[in-house]
Structure formats: C-alpha cells, structure tokens
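Here the structure comes first, spelled out in structure tokens, and everything after it is commentary.
Read-outs throughout are calculated quantities, based only on the coordinates presented, and are distinct from any laboratory measurement. All figures in this text were calculated on a predicted structure; none of them were measured in a lab. Please note: Cβ atoms are built from the backbone with ideal geometry, for glycine as well, and neighbour counts cover all protein chains shown.
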Amino acid sequence: MIATMLLLPCIFKNYALNSLLLSELDKILGDKDAVANIAVKSLKVAKKFYEDTLGLIQVGAEDEELIAFRSGNTTIYIYQSQNAGTNQATAVTWVVGEDIEDIVQKLKAKSITFEHYDMPDMTRKGDIHVFGNMKVAWFKDPDGNILNITNL
C-alpha cells in the first residue's frame with residue numbers, strides 16, 4: 001500500500017508529461033473547437049425554439065437549409081432533415097454549473113417539459129436527476145431531440 005502511494009505522484013507526473021508530449025506532437029483535433037449538429041423538420045419552428053426559448057443567438061444561415069447559433073464559445077448548427085428527432089440519445093449538453101436549479105425554473109416558465117428517466121443509483125429532486133455531485137435535467141426540442149443541462 002505504501003509503495004503504491006509513493007508511486008502515484010510518479011505515475012501522475014509521467015501521465016501529465018506523456019499527455020503534454022502527445023499534445024505537442026500529435027494534436028490533430030485535440031486543440032480544435034467542436035460543434036453540435038441537430039437535425040430538425042422545420043427551421044422556422046427550430047429557430048423560434050432555440051432563439052426564443054433557449055436564448056441562443058443566431059450567427060449565420062445557409063439558405064433555407066441551416067441556421068448557426070452561438071452558445072457560449074461554441075456553435076450549434078440546426079439543419080433541416082427528414083431524419084429529425086430519430087436520435088434516442090442526448091444530442092447537446094450545456095454545462096451550467098450551480099445555476100442548474102434556476103435555469104430549470106426559467107425553462108419551465110417557458111413551457112419546457114422535463115424528461116424523467118429511471119437510472120441505477122440516481123435519484124430525482126423535482127426535474128433534476130442527482131448522482132453524487134452531478135445534477136442533470138433532460139428535455140426535448142420540438143422535434144424530439146434530447147437536450148440536457150448539467151452542473152458538471
């Protein structure tokens with residue numbers, strides 16, 4: 001046990017050093033921004049939801065096919081597709097920190113209905129799922145795309 005404890009700083013130091021070397025030699029995408037792409041049936045309906053309900057800011061558009069929104073330092077692309085709403089997993093997560101309870105209330109005031117899921121070791125306080133220190137609230141856009149906010 002003591003030997004393991006003495007080795008931990010070396011292991012973490014080597015991990016950090018290896019990560020630094022890797023990041024300098026082979027970044028490829030590691031230092032690039034990523035964006036989210038969300039398929040919707042109607043750009044008009046989606047624009048209203050993402051702007052008016054969620055408060056995102058439109059920063060661009062491509063004809064009647066795509067709208068770009070700014071969210072924090074990232075971009076979310078909303079595009080028209082016949083496959084809209086078919087994703088059965090979370091499409092976008094916003095990390096909102098300790099404001100999660102306040103944001104849930106603000107979204108509820110804008111008629112957002114929150115999803116409730118039964119998951120092992122997770123409890124629910126109102127619309128917020130709690131797992132240890134993590135708090136998560138899921139909701140859907142008008143096309144059924146799953147979105148969430150989390151404190152971590």
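Model label points for Asn73 and Met134, set 7 angstrom from Cα along the Cα-to-Cβ axis, are 2.3 nm apart. Working from label points 7 Å from Cα in the Cα-to-Cβ sense, the Glu98 to Lys41 distance is 4.2 nm. Note on Lys32 and Lys125: the extension gain reaches 29.8 nm, defined as 0.36 nm multiplied by sequence separation minus the Cα-Cα distance. Summing charges over neighbours of Ile100, with a neighbour being any other residue whose Cβ is under 12 Å away from its Cβ, gives -2 when K and R count +1 and D and E count -1. Cross-link partners of Lys110 among aspartates and glutamates, defined as those whose alpha carbon lies under 16 angstrom from its own and excluding same-chain residues fewer than eight positions apart: Glu51, Asp52, Glu101, Asp102, Asp127, Asp141.
If you filter the range 22-74 for trypsin sites (Lys or Arg not before Pro), then keep DSSP loop positions with at most 11 other Cβ within 10 Å, what is left? Can you show the working numbers first?
Working: sites: Lys27, Lys32, Lys41, Lys44, Lys47, Lys48, Arg70; in loops: Lys27, Lys32, Lys41.
Within the range 22-74, the qualifying trypsin sites (Lys or Arg not before Pro) (loop, at most 11 other Cβ atoms within 10 Å) are Lys27, Lys32.
Working ranking of peptides 50-63, 116-129 by packing, defined as the average number of other Cβ atoms within 10 Å per residue, highest first, is 50-63, 116-129. Put the Cα centre of the range 24-74 next to the Cα centre of the range 131-146 and the gap is 18 Å.
Return the subset of Lys41/Lys108; Lys32/Lys108; Lys48/Lys135 for which the Cα-Cα distance in this structure is over 31 Å, preserving the input order.
On the way: Lys41/Lys108 24 Å; Lys32/Lys108 34 Å; Lys48/Lys135 27 Å.
Checking Cα-Cα distances, Lys32/Lys108 exceed 31 Å.
Placing a pseudo-label 7 Å from each Cα along the Cα-to-Cβ vector at Thr53 and Thr113 gives an inter-label distance of 1.1 nm.
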